[in-house]
Amino acid sequence: MEIAQELCHRLLQEQYQYVIAIHTDRQHCHAHIIVNNTNFITGRTFETEHNQGKKKDRAWAEVRRISDELCRENNLSVIEHPEMGKGKKHWEWDMSRQGLSWKAKLKFTIDQAIKVSENFEDFLRKCADFGVLVEYNPDHKIDLKFMLAEQKERNPRAKFTRSRTLGWYYETEQIKGRIAQYQGGMIYVPRIKVRQITPKAEENKFVRDAIDRGNMKVASIAKNIITAYGVEPDQVRGAAMAAFIERAHLVGELNDLNAQIKDLQEKLKVLKKYRKVKHIGEELKALSGREEKKYRKEHGGDIAEYHETCKQVLELYPSGNIPKVENLEKHIASLQKKLSKKNTEYNQADKKSRELSEATRTIEEYLRHEQSRGQQQKRKRNDLE
């Protein structure tokens, strides 16, 4: 409540009425703020007095800056790179959390295509194999768009989704960089693939049987993986997507914890320095007249360092509520312990995500191969008839 009141004070300057409601019905305590749009001193609306210029420069844009500023002052988490993602409606967020969002499914499918692509051009071709329609025009500002093929089938009037809408990670240059990482061996990609039976191999019983045995072995390995995770073959794609979303969620939490720890470590460094030079200010305040002049002359460098450190402390804690070094150290240690635990969770989720996504690809390739082979054999029988 105090943080929300301070936000209103800094933004509205006590010239607008507002109501604050604190909600504790979720894991994160949060505030809802309703503002009377009319300035009760001048009688003008907020937009009339403040919202001039470009959208990013308007007064309401200050809400995020002030909120982030207050969160840092009170050791609360801050979204460090909001440009890497976009807000979403609650319904879409809830669907994404459950692994049911079409956007989450589209992102997951694009990720699978990236893993097996040799370069960006190959990625554009492989999107079709994974059921993703793609539009690429390097001459346009919005050069890359995606859509699930099944989405188009359900709704012929459905529109393509801009890569930027999916997030920074799915823009052209980022996809190129991710493909290069996979090709460079920075991320492990299993080399076992389902082999196709060529017309020539089909005629040779020994070659055909060898390929069949190899493909069955690959499919069996994939089935063992999904069985270990308690997943049925017809549910593997959904399970892989859910694992992918969980991994992405943990990445966000790890980034947030790392940012918090880094921020606190910087603050700790300043506070330790302040503790070291604090006596300079205390000694200076206790003196006057000639003694003060003499002290300033003899300790000019130390005094300058003291004032600079005080300035840094005030920038970090403008309210004047400066925490103790020991408390800050305990907080950092607590976050590092939480980070270590969360990192273990991430490693497990990452392993599960990679194994299930690879199993999904293998099983789907195997089924496509069997279906294609069955169609070939059917055409061959028809030809003979």
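The values are calculated or read from the model by the stated rules, or taken from the named source; none is laboratory data. Small disclaimer: the values here were computed from a predicted structure and weren't measured. Methodologically, a virtual Cβ is constructed for each residue, glycine included, from the backbone with ideal geometry; neighbour enumeration extends over all protein chains shown. Calculation scope for accessible area: heavy atoms of the full protein, side chains included, ligands and nucleic acids excluded. Shrake-Rupley method; radii C 1.70, N 1.55, O 1.52, S 1.80 Å.
Residues are listed down the side, and each one gets a yes or a no for (1) open to solvent by less than 90 Å² (accessible area, probe 1.4 Å); (2) at pLDDT 65 or above; (3) of a type in the set (A, V, I, L, M):
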{"site": "L11", "(1), (2), (3)": "yes, yes, yes"}
{"site": "I33", "(1), (2), (3)": "yes, yes, yes"}
{"site": "V63", "(1), (2), (3)": "yes, yes, yes"}
{"site": "I79", "(1), (2), (3)": "no, yes, yes"}
{"site": "W91", "(1), (2), (3)": "no, no, no"}
{"site": "D94", "(1), (2), (3)": "yes, no, no"}
{"site": "R97", "(1), (2), (3)": "no, no, no"}
{"site": "S101", "(1), (2), (3)": "yes, yes, no"}
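Could you say which residue among A359, A333, A349 is at pLDDT 75 or above, crowded, with 18+ Cβ neighbours inside 10 Å, in a helix (DSSP H, G or I) and of a type outside the set (S, T, N, Q)?
Matching residue, one of A359, A333, A349: A349.
Any idea which of (1) farther than 23 Å from A359 by Cα; (2) modelled with pLDDT of 85 or more is the one K205 doesn't satisfy?
(2)
Of the residues E118, E173, E135, which is part of a loop (DSSP other than H, G, I, E, B), modelled with pLDDT of 85 or more, open to solvent by 40 Å² or more (accessible area, probe 1.4 Å) and among the acidic types (D, E)? If you could, list the steps in order and put the result at the bottom.
Numbers: E173 fails: part of a loop (DSSP other than H, G, I, E, B); E135 fails: part of a loop (DSSP other than H, G, I, E, B).
On inspection, the qualifying residue turns out to be E118.
Give me the pairs, please: first residue somewhere in segment 139-158 and free of Cβ contacts under 8 Å to residues at least 12 places away in the same chain, second residue anywhere and open to solvent by less than 70 Å² (accessible area, probe 1.4 Å), beta-carbon distance under 6 Å, and either six or more positions apart or on two chains.
Within 6 Å, the pairs are A158/Q151.
Need the failing condition index for T344 against (1) part of a helix (DSSP H, G or I); (2) touching an Asp or Glu at 6+ places or on another chain (Cβ under 9 Å), just the number.
(2)
I need the full set of residues from segment 294-330 which are farther than 20 Å from L264 by Cβ and exposed (fewer than 10 other Cβ atoms within 10 Å of the Cβ), in order please.
If we filter segment 294-330 for residues that are farther than 20 Å from L264 by Cβ, which is where we start, we get 294-308.
Answer for segment 294-330, where residues must be farther than 20 Å from L264 by Cβ and exposed (fewer than 10 other Cβ atoms within 10 Å of the Cβ): K297, G301.
Being surrounded by 13 or more Cβ atoms within 10 Å (Cβ to Cβ) and out of contact with any strand residue (DSSP E or B) (no Cβ under 8 Å at 6 or more places or on another chain) is the filter here, so list the residues in segment 151-169 that pass it.
Q151, R164, T165, G167, W168, Y169
Hey, among the residues in segment 217-264 that are of a type in the set (D, E) and over 25 Å from A333 (Cβ atoms), which one's modelled with the highest pLDDT?
Here the residue is E246.
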